[in-house]
Amino acid sequence: MGLVVDHIHKDFGKQKVLKDINFKIENGEYVSISGRSGSGKSTLLYILSTLDIPTAGDVFLDECNTKKMNDHEIDVFRAKHIGFIFQFHYLIPELTTLENVLLPATNLKVESSKVERAKELLNELEILDQIHKYPSQMSGGQQQRVAIARALIMEPKYIFADEPTGNLDTYNAAKVMDMLDKINRESKTTIVLVTHDPDFAARAKREILLSDGRVVN
Amino acid sequence: MFKLALKQMLAKKKQTFLIFLGIGFGTMIYIIVAGLQLGMRAYMVEQLLNNTAHILISGEEKYIEKDFVENHLYPDEMVSWVVPPSGKREEGKLGNPQGWFEVLDNTPQVLSYSPRLNVQAIASNTQYSAGISLLGIIPQKQIKISSLEDYMQEGSILDVTGGTNTIILSHKLLKKLGAKMGSTINLSNGVDAPLPFKVVGIIKLGNNQLDETFALSHLKDVQKLNKTPGRITEIAVALYNMDLATPLAKRWKLLSRDQVQGWQEANQNLMEMIKIQDLFRYIITVTVLLVSGFGIYNVLSIMINQKQKEIAILRSVGFSKEKILQLFLSQGLLLGIAGGILGNVLGLILCKIIGSIEFSFEIGKSNNLWVSYDYLIYVTGFCAAVCSSLIAGVIPSYSASKLTPLEIIREHS
């Protein structure tokens, strides 16, 4: 079980972005992937999270080879087991905070049973008072916390975070990182964090350092 | 999904409203044009059916032929004609009306039929005479096959009774003869002494030519005037479904040498005109489809371009391609339904307004345009709006569903 990366390569035309990446992440682990810009860390995260497929090699999520899953299986897996936090929050501007948080539940038609959970999350993230507001009525930090609540609403096994603090000020960035620590500690959710910030990378229990498409530590 | 589609549309109020209006106006134009065209068509068909019928069975037209005359009069001689014999042999009459009555009584598609005698006569009153087209009818049967009763200005068709020499005159003919209700005019077949007929009704058909020459009397009285007792020149047949006239007429033609004509065959020019009108209506329908379609296509294409980030997040939280397709397609559908309803309501209101305008000239029984309110016009208009919106929404919605979250995330990061 867990996440197994088996000799993966990723090419974009003649450019080799990832070269023979090979590692395993146990369930409940908090791992950061760091490296300089262009080292391939975001590409690796997209492959681990089923958004992309490797040119060669395999990724196993809970012993399922992601390359062999069809579109429907991937959609269902993402909906049930994966939460994404991106650098940009990608909230739906026409939906309120609550509706944005419930979006994955709406997809699985379990919206009503998740309303209380959504409120709990918003309370923990200190934005319960923003529940009926629209994204445009909130600050960047609040918007990113809504995106975190949305990633957590289905209580996923895996959270993939791609530079989640990239657009935030120091205070809000620290808050988001504290939240990730708490999630991992309390709910044993596997977290894979991509960051170029060495301090944030160091907060993970394990750090995977990429350089020129290879794991160097 | 439906809620999200609605919210996305409401977020772009101006765009949504404009395309909603576009679809609505397109549908409205279709409904008005179709209403007026079909109304005019109904008017023309009613006019035509008053004069003829769904099917008209009439006597065979017989002409004098040179060979026939030679064979009968000079069977063993060579004949050289200075002027060869020609012309119509006699007034067309039905050879076996009883046979036709049996056929008509046993055909379930026949609503009713009316035997008639159609003759030319001379009407005179004091100093003025006029050639008239006199139709001998059995009133009780005639009212079942046409709406002539609706065109009566005074009196009723049922007022002409057999053996009483009563007549109904068209209003202009009445004026020409200087007659009035209750006065007596003289009718002649052109050969025998005239007979007096009492005016018991005035009819106004709304057709100038007919209104100057048309007269109605009882079949028996016309037979007596024409010195042709028992003669019938035609049988006018009404069907439950007038569209069956052509196939039934075709079948009946095989039964005798009499002429059998469906109303469409008897009025081919009119039918051609109706076909051209139908063509115009179809062109308008296609135009409505295209205008609505382009509007929807543009709005959805712009919206999808603006919504790429949202599509990415929807896909990344597990929304399938089909659900994305559904999201945008339902926006096209919503616009089509709303625009179709608006178009139907506006179309109905404007048709009512147009139908209530009083013109200075007469159109049939009144001074108003005939407007059709056939429910099929409204159903077609609505379906055209919805279908065009759906079809136009397919391409942008499909392209949205094909977007992968990664492409969009990379583009925006």
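The values are calculated or read from the model by the stated rules, or taken from the named source; none is laboratory data. Computed from a predicted model, the values in this text were never measured in an experiment. Here the Cβ positions follow ideal geometry from the backbone for every residue, glycine too, while neighbour counts run over all protein chains shown. With ligands, DNA and RNA removed, areas are computed over all heavy atoms of the protein, side chains included. Shrake-Rupley method; radii C 1.70, N 1.55, O 1.52, S 1.80 Å.
Using helices alone, what [θ] at 222 nm do you get for the protein assembly as shown, with -39,500 (n - 2.57) per DSSP H run of 4 or more residues, divided over all residues and rounded to the nearest 500?
Taking each H run of at least 4 residues, the total per residue is -15000 deg cm²/dmol.
Taking θ = phi - 60°, what integer Hz values does the Karplus form 6.51 cos²θ - 1.76 cosθ + 1.60 yield along region A:57-62, in sequence order, with x for Gly and Pro?
x, 9, 10, 10, 10, 6
Apply 1/(1 + (r/R0)^6) to the Cβ-Cβ distance of B:S156 and A:C64, taking R0 = 51 Å, and write down the FRET efficiency to the nearest 0.05. Spell out each step's value before the answer.
Details: r = 89 Å, r/R0 = 1.74.
In this case the efficiency is close to 0.05.
From the gyration tensor of the Cα coordinates in chain A, what semi-axes in whole Å does the equivalent ellipsoid have, largest first, with each one equal to sqrt(5λ)?
29, 20, 15
Please express the Cα-Cα pair-distance distribution P(r) of region B:256-359 as a list of whole percents, one per 5 Å bin, running from 0 to the bin with the greatest distance.
Histogramming region B:256-359 at 5 Å steps yields 2, 9, 10, 12, 11, 11, 10, 8, 7, 6, 5, 3, 3, 1, 1, 1 percent.
Going by a ≥ b ≥ c, the root eigenvalues of the Cα gyration tensor, does region A:144-211 fall in the rounded group (a/c under 1.5), the prolate group (a/b larger than b/c) or the oblate group?
On the way: a/c = 1.68, a/b = 1.17, b/c = 1.44.
Taking the square roots of the gyration eigenvalues as a ≥ b ≥ c, region A:144-211 is oblate.
Let me confirm one metric for peptide B:355-362, namely the mean number of other chain beta-carbon atoms within 10 Å of its residues' beta-carbons.
Mean inter-chain Cβ contacts per residue within 10 Å come to 0.
I'm a student and want to see the number: the projected area of the Cα convex hull of the protein assembly as shown, averaged over all directions, in nm².
Averaging across all directions leaves 47.1 nm² for the Cα convex hull.
How much accessible area is lost when chains B and A come together, counting both sides, with a 1.4 Å probe, in Å² rounded to the nearest 100?
Summing both chains' loss of accessible area gives about 2300 Å².
Keeping the other protein chains in place, figure out the carbon and sulfur percent of the accessible area of region A:76-121, with a 1.4 Å probe.
56 percent
I need the Debye-formula profile for chain B: one equal scatterer per C-alpha, no solvent, reported as log10 I(q)/I(0) at q = 0.07, 0.11, 0.12 1/Å, two decimals.
The computed values of log10 I(q)/I(0) come out as -0.55, -0.90, -1.00.
Can you list the aspartates and glutamates whose alpha carbon sits under 19 Å from that of B:K321, skipping same-chain ones fewer than 8 residues off?
Answer for B:K321, where 19 Å is the Cα cut-off: A:D52, A:D71, A:E73, A:D75, B:E310, B:E407, listed by chain and number.
Can you give me the relative contact order of chain A as a percent, contacts being Cα pairs under 8 Å and 6 or more apart? Walk me through the intermediate numbers first.
On the way: 412 pairs, mean separation 68.9, N = 217.
Across chain A, relative contact order equals 32 percent.
Take peptide B:309-315, look around each residue's Cβ out to 10 angstrom, count Cβ atoms belonging to other protein chains, and average those counts. Could you put the intermediate results ahead of the total?
Numbers: counts 7, 7, 1, 5, 12, 6, 3.
That works out to 6 on average.
Please identify every one of the chymotrypsin sites (Phe, Trp or Tyr not before Pro) in region B:310-413 that sits in a loop by DSSP and has no more than 16 other beta carbons within 10 Å of its own beta carbon.
B:F359, B:F361, B:Y373
Treating only the Cβ of Lys, Arg, Asp and Glu as charged (+1, +1, -1, -1), what charge dipole size does region B:1-124 show about its Cα centre? Round to the nearest 20 debye. Before the final figure, lay out the partial values.
Details: 12 positive and 12 negative charges, 427 e Å.
In debye, rounded to 20, region B:1-124 gives about 2060.
Measure off 7 Å from each Cα along the Cα-to-Cβ vector at B:L10 and B:Y128, then give the distance between these two points in nanometres to one decimal.
So the two model labels end up 7.3 nm from each other.
In sequence order, what are the phi-derived ³J(HN,Hα) couplings for region B:356-362 according to the Karplus relation 6.51 cos²θ - 1.76 cosθ + 1.60 with θ = phi - 60°, rounded to whole Hz, with x for glycine and proline?
9, 5, 8, 8, 6, 10, 8
Compute the relative contact order of chain B as a whole-number percentage, counting only Cα pairs closer than 8 Å that sit 6 or more residues apart in sequence.
Once normalised by length, the contact order is 27 percent.
Say a site is exposed when it is one of the GluC sites (Glu not before Pro), sits in a DSSP loop, and has at most 16 other Cβ atoms within 10 Å; what is then the longest site-free stretch of chain B?
Looking at chain B, B:92-357 is the longest stretch - no exposed GluC sites (Glu not before Pro) with at most 16 other Cβ atoms within 10 Å.
Can you give the local net charge around B:Q127? Use residues other than it whose beta-carbon is closer than 15 angstrom to its beta-carbon, Lys and Arg +1, Asp and Glu -1.
+2
Arrange the residues B:S133, B:S356 by how much accessible surface each exposes, largest first, with a 1.4 angstrom probe.
Order by accessible area, largest first: B:S356, B:S133.
Given 0.36 nm per residue, what is the gain on full extension from B:A42 to B:L376 after removing their alpha carbon distance, in nm? Intermediate results must be reported in sequence, preceding the final value.
Details: separation 334, 0.36 × 334 = 120.24 nm, distance 1.45 nm.
Taking B:A42 through B:L376 to full extension adds about 118.8 nm, to one decimal.
Please determine, in degrees from 0 to 90 and to the nearest 10, the orientation of helix A:71-81 with respect to the longest principal axis defined by the Cα atoms of chain A, where the helix direction is its Cα long axis.
Around 60 degrees separate the two axes.
Can you pull the three principal axis extents for the Cα set of region B:176-325, in Å, largest first?
101, 44, 23
Rule-of-thumb check for region B:321-404: C-alpha Rg over 2.2 N^0.38 Å?
1.64
Computing the accessible area with a 1.4 Å probe over protein heavy atoms, can you report the carbon and sulfur percentage for chain B?
Ligands and nucleic acids excluded, carbon and sulfur give 59 percent.
Where does helix B:13-51 land angle-wise versus the long Cα axis of chain B, in degrees 0 to 90, nearest 10?
Compared with the principal axis, the helix lies near 10 degrees.
So which aspartates and glutamates pass the test for B:K62, namely a Cα distance under 18 Å, with those fewer than 8 places away in the same chain ruled out?
Output for B:K62: B:E70, B:E90, B:E91, B:E234, B:D258.
Springs between alpha-carbon atoms under 10 Å, Gaussian network over chain B: tell me which of B:R231, B:R257, B:R41 tops the mean-square fluctuations.
In this elastic network of chain B, the residue with the biggest mean-square fluctuation among B:R231, B:R257, B:R41 is B:R257.
Ignore the peptide's own chain and count Cβ atoms of other chains within 10 Å of each Cβ in B:7-15; give me the average, rounded.
Average per residue, whole number: 2.
Through the Karplus equation 6.51 cos²θ - 1.76 cosθ + 1.60, θ set to phi - 60°, convert the phi angles of region B:300-314 into ³J(HN,Hα) values in whole Hz; use x for Gly and Pro.
These are the phi-based 3J(HN,Hα) values: 5, 4, 5, 4, 5, 5, 6, 9, 4, 5, 5, 4, 4, 6, 4 Hz.
Using only Cα atoms, locate the centre of region A:47-84 and the centre of region B:326-405, then give the distance between them in Å, rounded to an integer.
Here the two parts' Cα centres lie 46 Å apart.
For region B:1-156, state what percent of all Cα-Cα pairs lands in each successive 5 Å bin, counting from 0 Å until the bin that includes the largest distance.
2, 6, 8, 10, 10, 9, 9, 8, 7, 6, 6, 5, 4, 3, 3, 2, 1, 1, 1, 0, 0
Determine the alpha carbon to alpha carbon distance for each of B:K198/B:K220; B:K3/B:K307; A:K41/B:K307 and list only those over 18 Å.
From B:K198/B:K220; B:K3/B:K307; A:K41/B:K307, over 18 Å: A:K41/B:K307.
Tell me the Kirkwood radius of region B:165-258: reciprocal of the mean inverse pair distance over distinct alpha-carbon atoms, in Å.
15.7 Å
How would you classify region A:118-179 from its alpha-carbon gyration tensor, with a ≥ b ≥ c the square roots of the eigenvalues: rounded for a/c under 1.5, else prolate if a/b is greater than b/c, otherwise oblate?
oblate
For region B:266-413, what is the accessible area per residue in Å², given a 1.4 Å probe and the full set of protein chains? Write down the numbers at each step before the final one.
Values: 7130 Å² over 148 residues.
So region B:266-413 comes to 48 Å² accessible per residue, rounded to a whole number.
Would you please classify the overall shape of region A:81-205 from the alpha carbon gyration tensor, given that a ≥ b ≥ c denote the square roots of the eigenvalues, rounded means a/c under 1.5, and beyond that prolate means a/b larger than b/c while oblate covers the rest?
Taking the square roots of the gyration eigenvalues as a ≥ b ≥ c, region A:81-205 is oblate.
Which whole-number percentage describes the relative contact order of region B:60-172, with Cα contacts under 8 Å and a sequence gap of 6 or more? The partial results should precede the final answer.
Numbers: 90 pairs, mean separation 18.9, N = 113.
Relative contact order of region B:60-172: 17 percent.
With the dipole of the protein assembly as shown worked out from charges on the C-beta (+1 for Lys and Arg, -1 for Asp and Glu) around the Cα centre, which of A:C64, B:N165, B:I203 lies farthest toward the positive end?
It is A:C64, whose Cα lies furthest towards the positive end.
Long-range amide H contacts for A:T55: which residues qualify at under 5 Å (H placed 1.01 Å from N, peptide plane, sequence gap of 5 or more or a different chain)?
The answer is A:H9, A:K10, A:D11.
Per residue, what accessible area does chain A have, given a 1.4 Å probe and all protein chains present, in Å²?
44 Å²
Subtracting the Cα-Cα distance from 0.36 nm times the residue separation, let me have the gained length for B:F359 to B:R410 in nm, one decimal.
Result: 11.6 nm gained on full extension.
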